[in-house]
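The values are calculated or read from the model by the stated rules, or taken from the named source; none is laboratory data. The structure presented is a predicted model; accordingly, all values stated were derived computationally and were not measured. Neighbour counts run over all protein chains shown; Cβ positions are idealised from the backbone, glycine included.
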2 protein chains.
Amino acid sequence: MTLPTTPPALRMPVLVDCDTGIDDAVALLYLLASDAVEIVGITTVGGNAPARLCALNTLRVLALVGRTDIPVAVGAERPFLAEPLPHSADVHGIDGMGDTDLEPADESLLDPRSALALIDDLSRRYDGRLRILATGALTNLALAVRADPELVSRVADVVVMGGAAEVPGNRTPAAEANILHDPEGAAVALSAGWPVALVPLDVTMTELLTDEHRERLAASGTRVGTFVAAITDHYVGFYTERFGRRVAPCHDALAAAVLTGEVLPTVFPRIRVEVEYGSGPARGATVCDTRGRYVGNPDQTDALCRVALETPGGFADALVDRLLTLQ
Amino acid sequence: MTLPTTPPALRMPVLVDCDTGIDDAVALLYLLASDAVEIVGITTVGGNAPARLCALNTLRVLALVGRTDIPVAVGAERPFLAEPLPHSADVHGIDGMGDTDLEPADESLLDPRSALALIDDLSRRYDGRLRILATGALTNLALAVRADPELVSRVADVVVMGGAAEVPGNRTPAAEANILHDPEGAAVALSAGWPVALVPLDVTMTELLTDEHRERLAASGTRVGTFVAAITDHYVGFYTERFGRRVAPCHDALAAAVLTGEVLPTVFPRIRVEVEYGSGPARGATVCDTRGRYVGNPDQTDALCRVALETPGGFADALVDRLLTLQ
């Protein structure tokens, strides 16, 4: 890979908690190519695929760019309280990576620690500076914060791809998949007391990867370009029915770009967010109090959560540009 | 009042189920001035004020235009299952009519029948033609349809002011007041099997009455103009905080205009609607499956509910014009 020019020690330390997953893989590659952040550890959670498989998929992504030095720990296989939902093979393939016959990962490279132990270690090593990007169900973060309430003070902030504020859900009419996988866990993790930036479907469904983007990636002849073009074929195929054309949302990569600051949401208010975890039709909804919009300012200054409601657009172009800096 | 020119027998028979209420009063006057519909009965429900007071307020409105011949029956004072919410004195005043020292109504003019008996009678008299406009909690309709499932076949359709599809609620971040007053009742009434048109906050919060409208009404010197200008002072006052300027939504009157067809929503898909009646933060939410928007067409052809998601605008002007045809 092309080495970023900022020394790793000066970059923002980021822990990624994910369920790799096609768009998780793209988000990881986006961050690995960033000069602004250093991924210091990765934990996985069941969601797009089983947590252990997500960890192996993560190793495949890291191997692609020679970064298997980053610790990858397997986290919660199932939600805290809820019955597990089926994995999202329709979106991500049975292997979670678009069923593209990737080489198997070297399981011996998995970190021997549990996800919670890795989170604990990293939060102490990067005390007060550690940033967390969460692109899967929020089970690991909920468990970690309940296991050690002081974790909150050692984490700078948490950026979450998840939820739906003023648009319908995707897994159900009310709920986005990451939140619906573990609504009880999400309720705990989002209200833990750390600053949260929520990157919901309101914005991720507007930043779309097209076949033209995929062709640029494939034509580059780079390992990463070829890889991303391949794994996103299945992903775009799934979303074709949702959008009526061959496009797919950049869900997790957009959240990664909000974390690095390379995407600045144009509407990004602090608002109170509550997760519905009842058993009714709104289960998994992120209830966002956006009523301030009627006075032109949804900001609730006492809220710890910022919600991205609009982004500038054009992110998929920037994403492809960034991925093409990798080999 | 100026008599409409279409003979009453040729107009669409409409039963109004309401909680009068300032905007209910305006909706009633709008319909009373319409050449297209004939109000054949009015039932009330607790909400903006107690159900009995709502009925008396309704009589005051009818007296204003010499139409106390229309039967007004008191309906459910409390929700089916839920604890009653406080009445909306902040929005509608303690008397439900903006505390403008209106003359008391003649209680002897109340119909002796219960609301359910009146609904039953009217549904048989106008079998298959009766249209219902519901501008309050849906308790009466839920009770009526459970008491007699065949009622559904005698009703042409139900137009409901209520809910919030892709915007926040008003009574809570998730819920609109009419639905939140009786979520269990709303779940029953909206899924009864009759065709429903839902007129939610998505559109009612965009059609705004201003002080200029109120001045036009007041300057007309008509009884109705003076009355509506007076009662909407409190209402606009309440909404000033919500909008940051002296305006108020035409909630119930807009639903009345959707019923008459004088407002044709520009986005009005058939979509599945489920009411959340759990005890969590989404209680009272109308979960609307608008995911078809991503393919440019949210229509679900098997759904019995149409949801007004956009209206053309300019309704408050038309409303004032209409009200000024009354004396």
Going by the structure shown, is B:Pro269 within 14 Å of chain A (Cβ to nearest Cβ), closer than 28 Å to B:Leu31 by Cβ and surrounded by fewer than 24 Cβ atoms within 10 Å (Cβ to Cβ)?
-> yes
Does A:Tyr277 count as within 11 Å of chain B (Cβ to nearest Cβ), among the hydroxyl-bearing types (Ser, Thr, Tyr) and buried (at least 18 other Cβ atoms within 10 Å of the Cβ)?
-> yes
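Yes/no matrix, rows are residues, columns are (1) surrounded by fewer than 20 Cβ atoms within 10 Å (Cβ to Cβ); (2) out of contact with any helix residue (DSSP H, G or I) (no Cβ under 6 Å at 6 or more places or on another chain); (3) modelled with pLDDT of 95 or more:
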residue	(1), (2), (3)
A:Asp157	yes, yes, yes
A:Ala177	no, yes, yes
A:Leu180	no, yes, yes
A:Thr204	no, no, yes
A:Glu241	yes, yes, no
A:Arg245	yes, yes, yes
A:His251	no, no, yes
Before we move on, is A:Ala175 within 14 Å of another protein chain (Cβ to nearest Cβ), out of contact with any strand residue (DSSP E or B) (no Cβ under 7 Å at 6 or more places or on another chain), over 30 Å from A:Ala9 (Cβ atoms) and touching a residue at least 12 places away in the same chain (Cβ under 8 Å)?
-> yes
Is one or more of the residues making up the stretch B:86-99 among the hydrophobic types (A, V, I, L, M, F, W, C), over 26 Å from B:Pro183 (Cβ atoms) and out of contact with any strand residue (DSSP E or B) (no Cβ under 6 Å at 6 or more places or on another chain)?
-> yes
Quick one: is A:Val91 out of contact with any Phe, Trp or Tyr (no Cβ under 6 Å at 6 or more places or on another chain), surrounded by 19 or more Cβ atoms within 10 Å (Cβ to Cβ) and touching a residue at least 24 places away in the same chain (Cβ under 8 Å)?
-> no
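Taking the condition β-branched (Val, Ile, Thr), more than 28 Å from A:Gly75 (Cβ to Cβ) and either within 14 Å of chain B (Cβ to nearest Cβ) or touching a residue at least 24 places away in the same chain (Cβ under 8 Å) (or both), does A:Thr290 pass?
On the way: β-branched (Val, Ile, Thr): yes; more than 28 Å from A:Gly75 (Cβ to Cβ): yes; either within 14 Å of chain B (Cβ to nearest Cβ) or touching a residue at least 24 places away in the same chain (Cβ under 8 Å) (or both): yes.
Answer is yes for this residue.
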Residues in the stretch B:286-296 that are within 15 Å of A:Glu176 (Cβ to Cβ) and not β-branched (Val, Ile, Thr) total 3
From the list B:Leu259, B:Leu264, which residue is touching a Leu at 6+ places or on another chain (Cβ under 6 Å) and either at the interface with chain A (Cβ under 9 Å from one of its Cβ atoms) or not acidic (Asp, Glu) (or both)?
-> B:Leu259
Here are B:Ala63, B:Ala51: which of them is small (Gly, Ala, Ser), surrounded by fewer than 20 Cβ atoms within 10 Å (Cβ to Cβ) and at pLDDT 95 or above?
-> B:Ala63
Scan the stretch A:139-155 residue by residue and report those that are touching a residue at least 60 places away in the same chain (Cβ under 8 Å) and either under 19 Å from A:Ala177 (Cβ atoms) or in a strand (DSSP E or B) (or both).
-> A:Thr139, A:Asn140, A:Leu141, A:Ala142
Specify which of the listed residues (B:Leu254, B:Leu259) is farther than 21 Å from A:Arg293 by Cβ and either in a loop (DSSP other than H, G, I, E, B) or of a type outside the set (Lys, Arg) (or both).
-> B:Leu259
Helices (runs of 4 or more DSSP H) lying entirely in the stretch A:1-94 (those with 1 or more residues that are among the hydrophobic types (A, V, I, L, M, F, W, C) and within 20 Å of A:Asn140 (Cβ to Cβ)) = A:22-32, A:51-64
